[in-house]
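A short worksheet on the structure shown next.
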Amino acid sequence: MTSNKAIKRIKTIHDRLIAKLRAPPRKTQKLKKEKPYEKPRHMLENPQSLAFQILGQKVGHILPLFKGLDLNLQKSGVKVNYKAYVSLTIFVTILISLTVFVSVPCLLLFAFSVPLVPALLFGLGGSLFTLAFSTIGFYAYPIYRADKLRRNLEDELPFTTGYMAILTSAGVSPEKIFYSLSNLSVPLAVTVKAKDVVRDVNLFGRDIISALEEASKQTPSERLREMLEGFISTIHSGSDATAYLREKSRQYMKLKRISLKKFSDTLSVLSEFYVALLLTGPLLLVIMFAVMAMLGGGSLGILSPDLLLSLLTYIGLPLGAIIFLIILDAVTPKW
């Protein structure tokens with residue numbers, strides 16, 4: 001019996017070995033090589049992300065110096081985090097200042113043959129000027145964007161309230177009104193605010209009243225805030241929203257006519273300033289500097305007439321034109 005059992009065990013082992021040998025070989029899985037760590041593309045494409053990675057942990061003690069910037073960013077519609085924007089401000093300011101400190105002395109030395117010490121002083125002064133100008137520019141940019149958004153919203157308010165009055169007269173709900181405003185074929189400034197309301201309702205689960213209250217807090221326009229608060233009160237009380245919106249549309253149209261009359265007067269004043277400061281004044285200065293250079297005198301310290309003429313031509317006139325365009329854009333209505 002024991003011999004028969006041993007023979008059976010040997011046969012089973014033999015059969016298993018033959019089956020394993022006849023079986024097709026298994027494909028060995030190649031070990032995947034670990035890819036080196038790559039930074040996300042958004043960190044490389046967005047300068048604010050790169051600046052936040054470099055300086056984000058070091059700007060905590062500087063944030064009180066930028067008081068009010070967070071609220072201006074929210075009102076301006078700039079989709080950038082507060083700390084990331086401050087980090088970008090510091091990073092770009094330092095980079096531009098160092099570039100000016102190196103490039104200005106080299107330009108004065110090799111192009112205008114200015115001595116070394118005055119060239120270095122000009123470089124230091126230019127770097128300090130760009131430091132202050134860049135910081136003020138970054139701080140004023142959200143204020144400028146908020147003011148531009150405010151003007152666009154107020155220019156569109158007569159048409160926006162009229163469009164909303166038409167929809168409410170047709171029995172459209174407030175949620176669908178703002179959904180329609182967010183999907184206009186021709187996007188307006190109010191489209192961004194309407195998208196925020198739709199996002200708060202559909203994504204964050206807020207009711208329409210809470211979403212409108214949040215939109216009224218973040219809008220830079222006092223007229224739009226007043227209109228939204230009145231619209232909220234009409235929803236609360238169950239009043240006639242169509243009559244309210246029609247009355248608001250009439251009021252805003254009257255204010256728009258008044259603002260257009262004021263703009264025509266302001267434009268005439270700006271045209272006089274443009275002729276005096278950017279046409280007649282620079283022409284007289286160019287003639288004066290050219291005559292001084294021909295006579296070979298009249299230098300103001302280290303500033304020769306040729307250098308003054310170059311500064312006026314390549315720095316003064318372009319900078320004055322840019323400032324004038326910014327002022328003109330700030331007072332021009334969209335509609």
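The values are calculated or read from the model by the stated rules, or taken from the named source; none is laboratory data. What you see is a predicted model; the values in this text were computed from it and never measured. When we count neighbours, we look across all protein chains shown, and the Cβ atoms used for this are built from the backbone with ideal geometry, even at glycine.
Numerical summary
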{"item": "Only one of Leu188, Leu149 that is over 23 Å from Tyr82 (Cβ atoms), touching a helix residue (DSSP H, G or I) at 6+ places or on another chain (Cβ under 8 Å) and of a type in the set (A, V, I, L, M, F, W, C)", "result": "Leu188"}
{"item": "Given (1) of a type in the set (Val, Ile, Thr); (2) within 25 Å of Lys256 (Cβ to Cβ); (3) surrounded by fewer than 16 Cβ atoms within 10 Å (Cβ to Cβ), index of the condition Ile209 fails", "result": "(2)"}
{"item": "Residue in region 260-277 that is under 30 Å from Val172 (Cβ atoms) and either modelled with pLDDT under 85 or of a type in the set (S, T, N, Q) (or both) present", "result": "no"}
{"item": "Conditions (1) of a type in the set (Val, Ile, Thr); (2) out of contact with any helix residue (DSSP H, G or I) (no Cβ under 9 Å at 6 or more places or on another chain); (3) surrounded by 15 or more Cβ atoms within 10 Å (Cβ to Cβ): number failed by Thr242", "result": "(2)"}
{"item": "Filtered residues of region 191-210 (kept if touching a residue at least 24 places away in the same chain (Cβ under 8 Å) and touching a helix residue (DSSP H, G or I) at 6+ places or on another chain (Cβ under 7 Å))", "result": "Lys193, Val201, Ile208, Ile209"}
{"item": "Filtered residues of region 67-121 (kept if of a type in the set (Phe, Trp, Tyr), out of contact with any Asp or Glu (no Cβ under 6 Å at 6 or more places or on another chain) and closer than 27 Å to Phe52 by Cα)", "result": "Tyr85, Phe91, Phe101"}
{"item": "Residues being within 21 Å of Ser49 (Cα to Cα) and crowded, with 16+ Cβ neighbours inside 10 Å - total across region 122-137", "result": "2"}
{"item": "Number of the exception - Ala241 against (1) small (Gly, Ala, Ser); (2) free of Cβ contacts under 8 Å to residues at least 40 places away in the same chain; (3) more than 22 Å from Leu73 (Cα to Cα)", "result": "(2)"}
{"item": "Count of region 205-223 residues which are closer than 21 Å to His236 by Cβ and outside any helix (DSSP H, G or I)", "result": "4"}
{"item": "Among (1) in a helix (DSSP H, G or I); (2) more than 27 Å from Thr219 (Cα to Cα), the one test that His61 misses", "result": "(1)"}
{"item": "Conditions (1) modelled with pLDDT under 90; (2) part of a helix (DSSP H, G or I); (3) farther than 22 Å from Ala146 by Cβ; number of the one not met by Ser185", "result": "(2)"}
